[in-house]
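The values are calculated or read from the model by the stated rules, or taken from the named source; none is laboratory data. None of the values given here were measured: they were computed from a predicted structure. Please note: Cβ atoms are built from the backbone with ideal geometry, for glycine as well, and neighbour counts cover all protein chains shown.
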Amino acid sequence: MKNYHPIKLITIFLGATLFVSTGPVLAETGYVSDTLRVGLRPAPDSHAAPSGVIKTGMRLEVLESSNGYVRVKTEDDQEGWVRDTYIVNKPPAMITLQALQQRHGTLEGKLKTLQENNQVLQEANRVLNQRLDQLSAERAQWQLSQARATLANKEASWFWWLLGVLMIAGAGFYSGFSWYRQSVMKRLGGLRI
């Protein structure tokens, strides 16, 4: 039996491991296509030559069904038979995706419009808040001036009230004095005092 040196065995083992482990790293990724082209046949038979072609996403009117085949009519009035495994009730993912992308684009446009409107409204709100602050300050000034005017009116009303009382008292005094004078003159026979 031949003796193998341990370093040679380890080198061979590592080399083999490296060679085996690099295989999946070089592999490419692939996908199954969902685009189909199916022959539209004049009879429900796979041996009948196709009279037309239908593609993924085409809208079809189902006319009848027989032995695993479906008779369909296309939007351009072509009629024929197709295997029932190719016909589904829902639109395929590709068509649904296109519809969703279109809806997404529409919604993005609406969102952009709403964001622009929001910015305009925020600016209008800012201007209105500034105007409100200005009007609040003017109202406070007006209330202060009204309070001062009311206080001045109260002071003035005391003055006028006092003046009125003094005038009434003066008129009463004058009336009393005149009456007294008249009565004394009558007693004294017209002599003036």
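Below are the figures for this structure:
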| quantity | calculated |
| --- | --- |
| Within the stretch 29-56, tally of residues that are of a type in the set (Val, Ile, Thr), at pLDDT 85 or above and over 18 Å from Pro92 (Cα atoms) | 0 |
| Given (1) exposed (fewer than 11 other Cβ atoms within 10 Å of the Cβ); (2) of a type in the set (Val, Ile, Thr); (3) at pLDDT below 90, number of the condition Thr106 does not satisfy | (3) |
| Which listed residue, of Leu111, Leu18, Leu26, Leu97, is hydrophobic (A, V, I, L, M, F, W, C), out of contact with any Pro (no Cβ under 8 Å at 6 or more places or on another chain) and modelled with pLDDT of 90 or more | Leu111 |
| Subset of the stretch 60-103 that is within 40 Å of the chain's Cα centre (by Cα) and polar (S, T, N, Q) - its residue that is surrounded by the fewest Cβ atoms within 10 Å (Cβ to Cβ) | Asn89 |
| The stretch 49-79 - residue that is in a loop (DSSP other than H, G, I, E, B) and touching a helix residue (DSSP H, G or I) at 6+ places or on another chain (Cβ under 8 Å) and, of those, nearest to Gln98 (Cα to Cα) | Gly57 |
| Meets criteria (of a type in the set (A, V, I, L, M) and more than 45 Å from the chain's Cα centre (by Cα)) for Ala147 | yes |
| Out of Leu191, Leu128, Leu166, sole residue that is among the aliphatic types (A, V, I, L, M) and surrounded by fewer than 10 Cβ atoms within 10 Å (Cβ to Cβ) | Leu191 |
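The rows are residues; the columns are (1) in a helix (DSSP H, G or I); (2) free of Cβ contacts under 8 Å to residues at least 12 places away in the same chain; (3) hydrophobic (A, V, I, L, M, F, W, C).
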residue	(1), (2), (3)
Lys90	no, yes, no
Thr113	yes, yes, no
Glu116	yes, yes, no
Gln122	yes, yes, no
Val127	yes, yes, yes
Trp142	yes, yes, yes
Val184	yes, yes, yes
